[in-house]
Amino acid sequence: MKSGPKSKAMFDRATRALSGGVSSNFRYWGDDSTLVVKNAKGAYLWDQDDKRYVDYRLGFGPVILGHARQEISDHISEAMTIGNCFAMTNEYEIRVAEKIKKMAGVDLVRMTNTGTEATMGAMRIARAFTGRDKILKFDGAYHGFHDYSLWNTYPPTSGVGYKNAPFLVPQGSGIPRSVGDLMYSLPFNNKEILEKKLKERWHEIACIIVEPLLGNQASIMPQDGFLDFVRDQCTKYGIVMIMDEVKTGFRIAKGGAQQYFNVKADLVTYAKCLGNGFPAAAIAGQKNIMGEVGPGKIPHGGTYGGNVVAMAAADKVLDLIEAGELDKVNDHGKKLKAGWKKILDSAGVPYVIQGADAMPGIVFTEEKVCTEYSHWANGDHDTYDSIIDKCIEKGVMPDCDSREPWFISSCHTDKDLEFVLGVFEESVREVIK
Ligand SMILES: Cc1ncc(COP(=O)(O)O)c(C=O)c1O
């Protein structure tokens with residue numbers, strides 16, 4: 001897929017002012033193919049050449065209620081008249097915390113601006129609370145861009161070694177090796193390996209941070225009982241269970257993954273859908289831990305947490321979600337999955353469709369079901385990438401990174417679906433001859 005002439009010219013201009021022409025490495029698609037956005041509305045996004053795309057990236061997931069949603073913009077415009085940043089408590093912030101408590105069944109909340117800040121803060125809270133230093137995560141899980149997240153996020157499978165004694169691979173340069181001494185990363189969905197590690201090392205481990213479904217591995221699902229097992233082991237060993245709901249929160253259910261999978265974590269992190277694209281994020285959790293966050297106790301701070309614009313966005317987003325917008329999201333996702341299945345069955349390729357309806361993913365693999373990172377990593381990404389490249393060329397835009405699921409918004413319609421499945425079928429046919 002090549003960008004049009006106006007996008008290309010604008011991207012060339014961007015490269016002279018922004019490192020690599022982007023504000024995040026994940027947004028660089030290549031010198032000739034990195035699109036520059038002109039505008040977006042509802043489920044659609046237009047590039048600089050006025051080419052329209054049905055958007056299933058939704059800004060890496062947040063925009064669940066559609067781009068430039070009028071009710072949210074109006075609410076923010078009104079809220080902004082009181083000012084934005086006070087670094088003092090304001091009423092919008094209180095309202096959002098009250099709504100998160102009610103919808104997600106948590107006791108107390110602290111606001112942040114990004115998912116990265118939320119997971120970093122939650123890890124700090126867990127360390128202070130337990131008096132232990134080590135963090136346990138799962139291979140293929142991504143918890144943001146700080147140093148305690150970027151281990152075994154998507155390593156070459158040969159680099160991870162044998163699953164009973166895996167190595168830790170940093171995502172890139174600049175992450176101190178010494179941070180790796182404070183980390184464990186284990187295969188997702190493997191109770192035996194987790195149990196063994198905890199039996200030996202529980203006394204060092206402050207928290208287990210888990211993406212309830214691997215939203216950064218094409219939505220690999222937890223197998224029956226795995227999250228319950230993590231919960232039980234955390235309780236047994238006094239380890240803080242952090243559910244990283246940055247992608248799943250206020251998306252897969254009103255109460256997020258805690259509700260969807262019926263598992264209660266000690267701490268939960270939210271971002272993305274909480275603000276529908278505005279930088280609203282939060283650390284939430286049970287009173288016994290979150291009640292310890294405060295002056296002279298567990299440190300947490302920041303200038304912009306709870307600012308009026310982000311909180312007004314979240315205030316309206318949570319009202320709209322409470323009023324039932326997720327029904328439309330789930331309905332579209334269900335139909336999209338059914339459409340994919342029909343098309344891929346007739347193409348005769350081995351595949352797995354997985355994930356919650358609100359964020360489904362596809363892996364081309366001989367596996368019956370993907371349960372861990374290596375299943376995704378050993379999949380046929382060339383085929384997936386080629387199909388997605390053609391979809392984008394034809395006006396349907398999931399992320400071109402095969403680790404990203406397709407994100408559904410409440411603005412995607414049945415009419416869009418007809419177009420989208422037509423494009424998907426044509427693309428599959430052109431790639432799988
Ligand atoms: C599960 C998860 N946690 C944390 C983050 C980091 O969030 P942010 O990009 O808002 O810093 C992400 C981002 O994709 C994520 O998917």
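The values are calculated or read from the model by the stated rules, or taken from the named source; none is laboratory data. As the structure is a computational prediction, the values presented were derived from the model and not from experiment. Methodologically, a virtual Cβ is constructed for each residue, glycine included, from the backbone with ideal geometry; neighbour enumeration extends over all protein chains shown.
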Among the numbered conditions (1) modelled with pLDDT of 95 or more; (2) out of contact with any helix residue (DSSP H, G or I) (no Cβ under 7 Å at 6 or more places or on another chain); (3) more than 16 Å from the ligand (Cβ to nearest atom), tell me where residue 191 comes up short. (2)
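Here are 315, 319: which of them is among the acidic types (Asp, Glu), touching a Lys or Arg at 6+ places or on another chain (Cβ under 6 Å) and on the phi < 0 side of the Ramachandran plot? Lay out the reasoning, then the answer.
On the way: 319 fails: touching a Lys or Arg at 6+ places or on another chain (Cβ under 6 Å).
Result: 315 is the single residue among 315, 319 that is among the acidic types (Asp, Glu), touching a Lys or Arg at 6+ places or on another chain (Cβ under 6 Å) and on the phi < 0 side of the Ramachandran plot.
Every residue, every condition in (1) within 19 Å of residue 278 (Cα to Cα); (2) away from the ligand (no atom under 16 Å from the Cβ), yes or no:
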site	(1), (2)
49	no, yes
65	yes, yes
69	yes, yes
113	yes, no
122	no, no
141	no, no
152	no, no
Name every residue in segment 287-323 that is farther than 22 Å from residue 87 by Cα and either basic (Lys, Arg) or modelled with pLDDT under 95 (or both), in order of residue number. 287
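Residues to consider are 374, 427; find the one that is under 17 Å from residue 53 (Cβ atoms) and either in contact with a helix residue (DSSP H, G or I) (Cβ under 6 Å, 6 or more places away or on another chain) or surrounded by fewer than 20 Cβ atoms within 10 Å (Cβ to Cβ) (or both). Don't jump to the end; show me each part of the working.
Numbers: 374 fails: under 17 Å from residue 53 (Cβ atoms).
After applying the criteria, what remains is 427.
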Has segment 16-28 got at least one residue that is modelled with pLDDT of 95 or more, buried (at least 18 other Cβ atoms within 10 Å of the Cβ), polar (S, T, N, Q) and farther than 16 Å from residue 277 by Cβ? no
Report the residue count in segment 36-61 for those that are touching a Lys or Arg at 6+ places or on another chain (Cβ under 6 Å), buried (at least 22 other Cβ atoms within 10 Å of the Cβ) and in a strand (DSSP E or B). 0
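For every residue, the table says whether it meets (1) of a type in the set (Val, Ile, Thr); (2) farther than 27 Å from residue 100 by Cβ; (3) within 19 Å of the chain's Cα centre (by Cα).
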| residue | (1), (2), (3) |
| --- | --- |
| 201 | no, yes, no |
| 204 | no, yes, no |
| 210 | yes, no, yes |
| 215 | no, no, yes |
| 221 | no, no, yes |
| 227 | no, no, yes |
| 232 | no, no, no |
| 239 | yes, no, no |
| 243 | no, no, yes |
Among the strands (runs of 3 or more DSSP E) confined wholly to segment 264-383, which include 3 or more residues that are in contact (Cβ under 8 Å) with a residue 24 or more places away in the chain and within 16 Å of the ligand (Cβ to nearest atom)? 267-270, 281-285
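Can you tell me which residue among 87, 9, 79, 97 is out of contact with any helix residue (DSSP H, G or I) (no Cβ under 7 Å at 6 or more places or on another chain), at pLDDT 95 or above, part of a helix (DSSP H, G or I) and under 30 Å from residue 243 (Cβ atoms)? Step through it out loud before you land on a result.
Details: 87 fails: part of a helix (DSSP H, G or I); 9 fails: under 30 Å from residue 243 (Cβ atoms); 79 fails: out of contact with any helix residue (DSSP H, G or I) (no Cβ under 7 Å at 6 or more places or on another chain).
One residue alone meets the criteria, 97.
Is one or more of the residues making up segment 51-67 touching a residue at least 40 places away in the same chain (Cβ under 8 Å), under 30 Å from residue 1 (Cα atoms) and over 22 Å from the mean Cα position of the chain (by Cα)? Break it down stepwise before answering.
Within segment 51-67, the first condition is being touching a residue at least 40 places away in the same chain (Cβ under 8 Å), and the residues that meet it are 51-67.
When the remaining residues are screened for being under 30 Å from residue 1 (Cα atoms), the result is 51-67.
Add one more test, that the residue is over 22 Å from the mean Cα position of the chain (by Cα), and what stays is 51-52.
Yes, segment 51-67 has at least one match.
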Only one of 29, 46 that is in contact (Cβ under 8 Å) with a residue 12 or more places away in the chain, aromatic (Phe, Trp, Tyr) and assigned by TED's automatic domain parsing to the domain that holds residue 333: 29
Cβ pairs under 6 Å, 6+ apart, first in segment 409-432 and touching a residue at least 40 places away in the same chain (Cβ under 8 Å) and more than 30 Å from residue 274 (Cβ to Cβ), second crowded, with 17+ Cβ neighbours inside 10 Å and of a type in the set (D, E, K, R): 427/390; 430/390
For segment 160-183, does any single residue satisfy the condition of being at positive phi and buried (at least 16 other Cβ atoms within 10 Å of the Cβ)? no
Output for segment 333-363, where each listed residue is in contact with a Pro (Cβ under 7 Å, 6 or more places away or on another chain) and closer than 23 Å to residue 430 by Cα: 336, 337, 353, 360, 361
Take the residues in segment 222-250 that are away from the ligand (no atom under 11 Å from the Cβ) and in a loop (DSSP other than H, G, I, E, B); name whichever of them is modelled with the lowest pLDDT. 224
